[in-house]
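Laboratory data are not the source of any read-out in this text; all were calculated from the coordinates shown. Every value quoted in this text rests on a predicted model; they were computed, and no experiment measured them. For neighbour counting, all protein chains shown are included, and Cβ atoms are generated from backbone atoms with ideal geometry for every residue, glycine included.
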Amino acid sequence: MIKSNNFLIITLSILFVSCTTVQPPPQPNESFKIKPVKIQPHRINIPTPSRVAPPIKKPIVQTSPFPIAQLPASLLYLRNKPAVPGGIAWISLLTRSNVPPVIKYQNKQVLVLRNGQQWIALVGIPLTARIGQHTIINQDNNQQYSFKVTHKRYKVQRINIKNKRKVNPAPSDLRRIRRERELIRSALASPWRPTTTSPLPLMQPIRGRLSSFFGTRRYFNGQRRSSHTGLDIAAPQGTLVGAAAAGKIVRTGNYFFTGNTVIIDHGQGIVTLYGHLNSINVFSNQIVQTGEVIGTVGKTGRATGPHLHWSVSLNQNMIDPTLIMK
Ligand SMILES: [Zn+2]
């Protein structure tokens, strides 16, 4: 029994060993042999300096704050208006500069606006200007342009005032008048403030009947007085008065002739004055937007009834506001 068992174990062991015998790996035939690769020497192509491509030029982005704009029709008509005292001279400039040229008239900087590719100078002419040739100069290249101021006969207006002191001021009033005239003059001569958008055309500050035009030759109680340097718009007392354009309040005060007064600098030499106000709703250095309420209509100062006296100054000369109104 034991013998037969031993025989079985030996037999099974032989079979197992024969089954697990490791066969030698097959020899690879010719098609699987790795062919040696010929390594080409690596050539680095170094261009000669003359063959180096030029650096790509980036286009120069013009960053002028003065985009090319077309003037609205409410200003374009000025091109055909004669240059008169109290009016505006339209002068097309030859410069193609991308920044606004510095133009001077009687040593004061002048408003320039862009019309397409062209710069236009709008020159405010004083009511007292002499008739004849006048000159502006482009300070950038000393180029001069001349224009002719022609005569305009403004209408006569006769006004009766109950308060005789407003017609024939007392000596103390005269001192006050002189002082206030200087304050107003300095407000009109506010330092030049460039603007990126055109302050023109101006918005009419209130709706109402135009009761007295700019330039009228005035007689108060039969006596000749200075010509009217503004536009009078009649409206009920308390009517809200809006700023004619965005700007900075440069002065508020109570003056002998214009009563409660607000003066706004709109930049580029445009300053507007609002007189005879009942109340003043703004303060000096305040920034206002177009149409923002600055006060209410009244009859303070030399006024016969409630109305707004509105003056517009261009390069420090009072001009007819209706010329640049919307
Ligand atoms: Zn007036």
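Straight-line cross-link reach from Lys299 at under 17 Å between alpha-carbon atoms covers these aspartates and glutamates, not counting any fewer than eight positions away in the same chain: Asp232. For segment 148-220, the set of chymotrypsin sites (Phe, Trp or Tyr not before Pro) satisfying both a DSSP loop assignment and a count of at most 16 other C-beta atoms within 10 Å is given as Trp192, Phe213.
Taking 0.36 nm per intervening residue step and subtracting the Cα-Cα distance, what contour gain separates Ser74 from Gln139 on full extension? Write out the running numbers ahead of the final one.
Working: separation 65, 0.36 × 65 = 23.40 nm, distance 2.84 nm.
So the extension gain works out to 20.6 nm.
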